[in-house]
Structure formats: structure tokens, C-alpha cells
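The values are calculated or read from the model by the stated rules, or taken from the named source; none is laboratory data. For clarity, every value in this text was computed on a predicted model and none was experimentally measured. Reconstructed Cβ throughout: ideal geometry from the backbone, glycine too, with neighbour counts over all protein chains shown. Surface accessibility is based on the protein's heavy atoms, side chains included, excluding ligands, DNA and RNA. Shrake-Rupley method; radii C 1.70, N 1.55, O 1.52, S 1.80 Å.
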Amino acid sequence: MKKLIITMLAVVLLTAFTNERPVRVFMVGDSTMANKDITGGKQERGWGMVLQEFFTDGVVIDNHAVNGRSTKSFIDEGRWQKVLDMLQPGDYVIIQFGHNDEKKNDAKRYTTVGGTFDDNLRRYVNEAREKGAKPILLNCVARRNFTVSTGEVIDDEGLRDKVYVNPDKTSEGGEDLKGGGTQLQDTHGAYRDVPRKIAQELGVPFVDANKVTSDLEQSLGVEGSKKLHMIYEPGECPAYPKGRQDNTHYNQIGARIVAGLLAIEIGKQVPELKRHLK
């Protein structure tokens, strides 16, 4: 009888272990994180699109990031509510915005540092917590910008229409202009600092994605960093016969490298997720 009871307990414990619900990680953010259309040989990838590759089956990544969204437009379009409706206690929510919050000429997306940008991030954190979820704040990834100064807010979505331009000629969007430097130049200003401040204020994990990606871009240099992005000379990639000159969005190589680096950093800040890293 004693052996039977022990056997039954072992079966119950084993069943409970194997039926443990995977840790769900939701992602909200912009195009640098979003899932992409890969038909027709298209190469663009968001880092969130490949994040699952760096975790075991014990974690399920559910990516809701969308091209061109800011903290404001993601809420106004009902996308945040959709995520909230799915959240359950114990879920995680990775929150990363900034690229589009700085678009002053677009009232549907623009938010202010010290004002609506800060308030929106607080809302994401507080509403996720109300559902029993655990928010993780990231700041925006770096743009590949080795020019002395762009002097303007970059239209990231418009870069998808930029064909390849000879680096010796003047062009838009942070390309290597003639006379450009070898030091990566920040284009986000205070928008990269606010998520850290809100994370400290509200006591949530923070991942400095901007530093991670800035260090990556700088380590690869002016030429090497091109391999991370949607930069193709005419005829180099069949999907872009005229070439492409996009220093914001990642290609397959860039997305995987960035996702791998950020997975490590997320693991450092969230021990429960670290144990699921491959």
C-alpha cells in the first residue's frame, strides 16, 4: 500500500509539472519590434519577431508591436486594450516605444517628454499590473546614424521607400553623408531616458535597449553596421531591385543579433525569464 501511495504521488507531481502553463510574454511597441511581411523575399524583421528563438518552450512570445505606432496611437487604436483583455496573472509585458512619439508633425502619434510620453508609459505599467501581469520597460533601439547631425526628426516609415544612395552623395535619413564621422550619433534625445525614469519611479525592470544597440552599431563601425539594416545596393537583393537605404529597420541578421542581445539583458533583469534562456 505504501509503495502504491508513493507511486500515485509521483504521478500527480509529474503531471502537475508537465502541465505547468508556459510563461507568456506579450510585446507592445513599434516597427523595430514588430512582426513583418516576409512574402516575396522581403528581408525586414523586427527583433520581437525572432525573440522566441532565444527561449525554451517554457516561454511563449506573443508579439503585438505594430509599425509606426507610438505610446499614444497604440492606445488610441485600441491595440493596448486588446492586449489587456488577454493578460492573466503572471504574464509579462515588454513595453518599448519612442521612435514615433517624437514625431512633432503628427498629432496622432506625438507625445511630450515630461508630459504625455511619461504618462502613457505609467498607464501601460499600471494597467498591466492591475491585471496581475509584470511589465518590463525598454527604451528605443538606436538608429544607425554616423552623420555629424541629421538636424531633423527622421521619418522611419518613409525610409522603406528610400532607394540606395551612393554614400558620397547627400541623402536623407541618417545615411553616411560625405564628411560624416565615425561615431554613432544619438537621434532620440530625452525619449531614450524617460523609460528608465518611469521604471525607477514605479519599480519595474528596465532594459537599456538603446545602449545595447548603440554599442553594437559602434562596435561594427560605419561599414559593418550596414549588415544589420535594410541597406542593399541595386541588384543585391531581388526584393529590392533599386536597392534600399534604411538605417532604422533591421534585416534578418540584425533582428537576430539584437534579439539575442536583448534576451540576455532581459534575463539579467528578470530571473524567472533567465532560466528559460537557451
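Close amide H contacts of Asp101 (hydrogens built in the peptide plane, cut-off under 5 Å, sequence separation of 5 or more or a different chain): Thr71.
In deg cm²/dmol and to the nearest 500, what is the mean residue ellipticity at 222 nm of the chain if only DSSP H runs of at least 4 residues count, each as -39500 (n - 2.57), divided by the residue total? Value at 222 nm, helices only, nearest 500: -10500 deg cm²/dmol.
In the context of the full set of protein chains, residues of the chain present 48 Å² of accessible surface per residue (probe radius 1.4 Å, heavy atoms only). Each other residue within a Cβ distance under 14 Å of Leu277 adds +1 if Lys or Arg and -1 if Asp or Glu, for a net charge of 0.
What a 1.4 Å probe finds exposed on the chain is 55% carbon and sulfur by accessible area, rounded to a whole percent. 3J(HN,Hα) along segment 134-139: 10, x, 10, 9, 10, 8 Hz, from the Karplus curve 6.51 cos²θ - 1.76 cosθ + 1.60 with θ = phi - 60°, whole Hz, x for Gly and Pro. In this label model, Asp161 and Ala190 are separated by 3.2 nm, measuring between points 7 Å along each Cα→Cβ vector. Couplings for segment 73-86, taken from phi via the Karplus curve 6.51 cos²θ - 1.76 cosθ + 1.60 with θ = phi - 60°, read 5, 5, 6, 4, 7, x, 6, 5, 4, 4, 5, 4, 5, 9 Hz in order; Gly and Pro are left as x. DSSP bridge analysis restricted to the chain gives an antiparallel fraction near 25%, rounded to the nearest 5. Backbone geometry of segment 59-66 corresponds, through the Karplus equation with coefficients 6.51, -1.76 and 1.60 at θ = phi - 60°, to 3J(HN,Hα) couplings of 10, 10, 8, 10, 8, 10, 5, 9 Hz, x marking Gly and Pro.
Taking amide H atoms as placed 1.01 Å from N in the peptide plane, the amide H of Gly46 lies under 5 Å from those of Lys36, each 5 or more residues away in sequence or on another chain. One chain, two ends: Arg79 and Asp106. Fully extended at 0.36 nm per residue, the span grows by 7.8 nm beyond their Cα-Cα distance. Between amide H atoms placed 1.01 Å from N, distances below 5 Å from Val207 occur with Leu137, Leu138, Asn139, all of them 5 or more places distant or on a separate chain.
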